[in-house]
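Q: First, the structure itself, so that you have it in front of you.
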Amino acid sequence: MARNTRKVETRHGSRNTYKGVVCRKDLRLAIYLRDSFRCVYCCRDLHGAQPKDITLDHVKPHADGGDNSPANLVTACRACNCSRQDRPLNRFCGPETRADIRRLTARKIDRYRRLAKAIIEGSTEDPRANLPMD
Ligand SMILES: [Zn+2]
């Protein structure tokens with residue numbers, strides 16, 4: 001994956017480097033599902049967002065040794081992800097947001113991952129399959 005580093009324009013016109021998280025697509029979708037497609041920082045609903053505006057953010061920054069496990073990744077809008085950069089969580093958001101993040105990341109990822117895989121494979125159940133055929 002070569003698109004790990006992208007230049008983005010901020011509102012102030014300066015250039016920041018947004019380092020995208022390398023993550024399997026089923027795991028990425030599972031984390032979005034776990035977090036209800038909502039930015040954990042500003043609570044923006046990202047269901048109707050452009051794909052480039054929905055990102056994964058490290059709870060513990062990569063620079064501080066944070067890994068790419070689901071327990072360390074949260075759904076964030078691009079604006080929040082870019083404005084946080086590598087700041088520690090407690091310098092970017094308040095205690096309520098941090099409590100929300102702890103609650104979300106404590107969820108077992110397996111069931112979301114099963115659903116994510118089924119969605120990607122197109123193997124979710126078709127309810128019409130159970131209807132009698134006339
Ligand atoms: Zn946001």
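Q: Return the residue satisfying two criteria in turn: it lies in the stretch 64-96 and is in contact (Cβ under 8 Å) with a residue 24 or more places away in the chain and among the acidic types (Asp, Glu), and of such residues it is surrounded by the most Cβ atoms within 10 Å (Cβ to Cβ).
A: Asp86
Q: State whether one or more residues within the stretch 19-33 are within 16 Å of the ligand (Cβ to nearest atom), in contact with a helix residue (DSSP H, G or I) (Cβ under 6 Å, 6 or more places away or on another chain), in a helix (DSSP H, G or I) and touching a residue at least 40 places away in the same chain (Cβ under 8 Å).
A: Within the stretch 19-33 (the criterion being within 16 Å of the ligand (Cβ to nearest atom), in contact with a helix residue (DSSP H, G or I) (Cβ under 6 Å, 6 or more places away or on another chain), in a helix (DSSP H, G or I) and touching a residue at least 40 places away in the same chain (Cβ under 8 Å)), the answer is yes, since at least one residue qualifies.
Q: Select, from Asp45, Asp35, Asp53, the only residue that is among the acidic types (Asp, Glu) and either more than 21 Å from Leu115 (Cα to Cα) or at pLDDT below 95 (or both).
A: The unique qualifying residue is Asp53.
Q: With Ala71, Ala79, Ala99, Ala49 as the choices, which residue is assigned to a loop (DSSP other than H, G, I, E, B) and more than 10 Å from the chain's Cα centre (by Cα)? Reasoning before the result, please.
A: Numbers: Ala71 fails: assigned to a loop (DSSP other than H, G, I, E, B); Ala79 fails: assigned to a loop (DSSP other than H, G, I, E, B); Ala99 fails: assigned to a loop (DSSP other than H, G, I, E, B).
Testing whether each residue is assigned to a loop (DSSP other than H, G, I, E, B) and more than 10 Å from the chain's Cα centre (by Cα) leaves just Ala49.
Q: Please count how many residues of the stretch 52-68 are of a type outside the set (D, E, K, R) and within 10 Å of the chain's Cα centre (by Cα).
A: Residues flagged as of a type outside the set (D, E, K, R) and within 10 Å of the chain's Cα centre (by Cα) within the stretch 52-68 amount to 4.
Q: Further question on the same structure: With the requirement that a residue be near the ligand (Cβ under 9 Å from one of its atoms), in contact with a Lys or Arg (Cβ under 9 Å, 6 or more places away or on another chain) and either of a type in the set (Lys, Arg) or more than 17 Å from Lys25 (Cα to Cα) (or both), what does the stretch 47-82 give you?
A: Cys77, Arg78, Ala79, Cys80
Q: For Arg87, work out the one condition from (1) modelled with pLDDT under 95; (2) more than 17 Å from Lys25 (Cα to Cα); (3) away from the ligand (no atom under 15 Å from the Cβ) it doesn't fulfil.
A: Going through the list (1) modelled with pLDDT under 95; (2) more than 17 Å from Lys25 (Cα to Cα); (3) away from the ligand (no atom under 15 Å from the Cβ), Arg87 breaks only (3).
Q: Confirm whether Ala99 is surrounded by 18 or more Cβ atoms within 10 Å (Cβ to Cβ), modelled with pLDDT of 95 or more and of a type in the set (Gly, Ala, Ser). Full working, then the answer.
A: Working: surrounded by 18 or more Cβ atoms within 10 Å (Cβ to Cβ): no; modelled with pLDDT of 95 or more: yes; of a type in the set (Gly, Ala, Ser): yes.
No, not satisfied.
Q: Which one of these does Val40 not meet: (1) without any contact (Cβ under 8 Å) to a residue 40 or more places away in the chain; (2) in a loop (DSSP other than H, G, I, E, B); (3) within 11 Å of the ligand (Cβ to nearest atom)?
A: Here Val40 clears every test but (1).
The values are calculated or read from the model by the stated rules, or taken from the named source; none is laboratory data. Note that the structure is a prediction, hence the values are computed from the model and not measured. Ideal geometry is used to build each Cβ from the backbone, glycine not excepted, and the neighbour counts take in all protein chains shown.
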